[in-house]
Amino acid sequence: MKELVDNSWEWFIDKFEILSKIDLTAYKRPQMERRINSFMRSAGASDYKSFLELIKNDALLYRKFLEHITINVSEFFRNANHWSILQNEVLPLLLKDRRSLRIWSAGCSTGEEPYSLAMLCREQRIPLTEEILATDLDQDVLNRAMQGIYSAKAAQGIPPTYLARYFSSQGDQYQANEDIRRMVKFKRHDLLRDSFGRNYDLILCRNVVIYFTEETKNRLYQRFTESLNSGGVLFIGSTEQIFQARELGLKTIATFFYQKVN
Ligand SMILES: C[S@@+](CC[C@H](N)C(=O)[O-])C[C@H]1O[C@@H](n2cnc3c(N)ncnc32)[C@H](O)[C@@H]1O
């Protein structure tokens with residue numbers, strides 16, 4: 001086995017994986033290294049060893065660090081034009097030969113994406129086979145997602161009619177109503193370690209793989225394809241593209257939407 005030089009990057013990610021079960025080798029190194037080094041400096045540590053000691057002994061700092069490296073910004077109806085394609089083209093296509101849909105939002109962060117789906121399905125009267133599955137690596141964002149409470153600024157992304165129908169205001173915040181919250185099941189899931197479910201009709205994985213290496217992305221897209229039913233659709237982020245779509249058995253039906261061929 002390779003000896004790891006104390007305090008090197010390799011040494012740090014090895015020790016960090018033991019602590020957190022997060023495999024940083026799957027993420028693009030330059031960005032990750034920059035993010036980690038800047039966080040480490042602002043925490044007052046001068047090297048990886050002392051930084052590791054700090055996060056081991058300070059639960060709050062550890063949580064902040066996880067949040068920093070997993071980058072969990074999200075928005076309701078992020079890239080609204082893609083959601084229009086979902087509503088007007090993709091959902092009708094899926095419902096041509098299905099009575100109900102099984103949906104997974106992978107890397108759901110604080111819940112904006114699965115709640116956007118829930119509202120859209122309610123508005124469009126889309127029958128769901130079961131609750132929308134919404135997963136993320138980070139338990140903290142999932143806890144926030146389950147509460148469904150958002151600032152007025154975050155709520156700006158919600159169309160006013162939806163906001164009035166599906167949210168209640170609480171001071172200067174808004175909370176998703178219980179019937180919308182009940183449409184989503186949140187669960188911790190690591191896309192790099194945990195097994196994937198099967199038989200999904202629609203999978204969203206948006207703005208998650210951007211931090212992964214090409215090799216990791218390819219493996220993930222393969223696993224998502226295996227998780228889809230024949231004819232099912234994978235919806236990806238606005239800066240992403242699946243280069244080996246055809247080899248995986250996917251065809252592009254609109255920009256950012258890939259359908260499983262068989
Ligand atoms: C930028 S947010 C994307 C949120 C939402 N999909 C959107 O597009 O607005 C990326 C999320 O991916 C999650 N993530 C990063 N690595 C992950 C992994 N290995 N497994 C599951 N989720 C992961 C992060 O915790 C973060 O919440």
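Readers should treat all values here as calculations from the given coordinates under stated rules, not as data from a laboratory. Note that the coordinates shown come from a computational prediction; the quantities given were computed from them, not determined experimentally. Don't worry about glycine lacking a Cβ; one is built from the backbone with ideal geometry, like all the others, and counts go over all protein chains shown.
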### Query
Given springs between every Cα pair under 10 Å in a Gaussian network model of the chain, which of Thr225, Thr252, Thr239 has the largest fluctuation?
Thr239
### Task
Please give the helix 48-57 orientation as an angle from the longest Cα principal axis of the chain, in degrees from 0 to 90, rounded to the nearest 10.
60
### Query
Any idea how far the Cα center of the stretch 165-185 sits from the one of the stretch 92-134, in Å?
17
### the chain: radius of gyration and largest Cα-Cα distance (Dmax), Å
19.7, 60
### Message
Compute the angle between helix 59-70 and the longest alpha-carbon principal axis of the chain, please, reported from 0 to 90 degrees and rounded to the nearest 10.
### Response
60
### Query
Hey, got a sec? Which trypsin sites (Lys or Arg not before Pro) in the stretch 154-262 land in a DSSP loop and have at most 15 other Cβ atoms within 10 Å?
Arg182, Arg193, Arg198
### Task
Relative to the longest principal axis of the C-alpha atoms of the chain, give the angle of the C-alpha long axis of helix 214-227, reported between 0 and 90° and rounded to the nearest 10°.
40
## Note on the structure
In the stretch 81-145, the GluC sites (Glu not before Pro) that sit in a DSSP loop and have at most 11 other Cβ atoms within 10 Å of their own Cβ are Glu130
### Message
Is there a quick way to get the dipole size of the chain? I mean about its Cα centre, with the Cβ of Lys and Arg at +1 and of Asp and Glu at -1; what is the value in debye to the nearest 20?
### Response
560
#### Entry: Farthest toward positive dipole pole in the stretch 1-155 [+1 Lys/Arg, -1 Asp/Glu at C-beta], among Val73, Phe39, Leu4
Val73
### Message
Looking only at the chain, where both bridge partners belong to it, what percent of the DSSP beta bridges are antiparallel (to the nearest 5)?
### Response
45
### Query
Once amide H atoms are placed 1.01 Å from N in the peptide plane, what residues at a sequence separation of 5 or more from Lys185, or on another chain, have their amide H within under 5 Å of its amide H?
Ile132, Leu133, Ala134
### Summary
So, relative contact order of the stretch 80-260 in percent, Cα under 8 Å, 6 or more apart, is 21
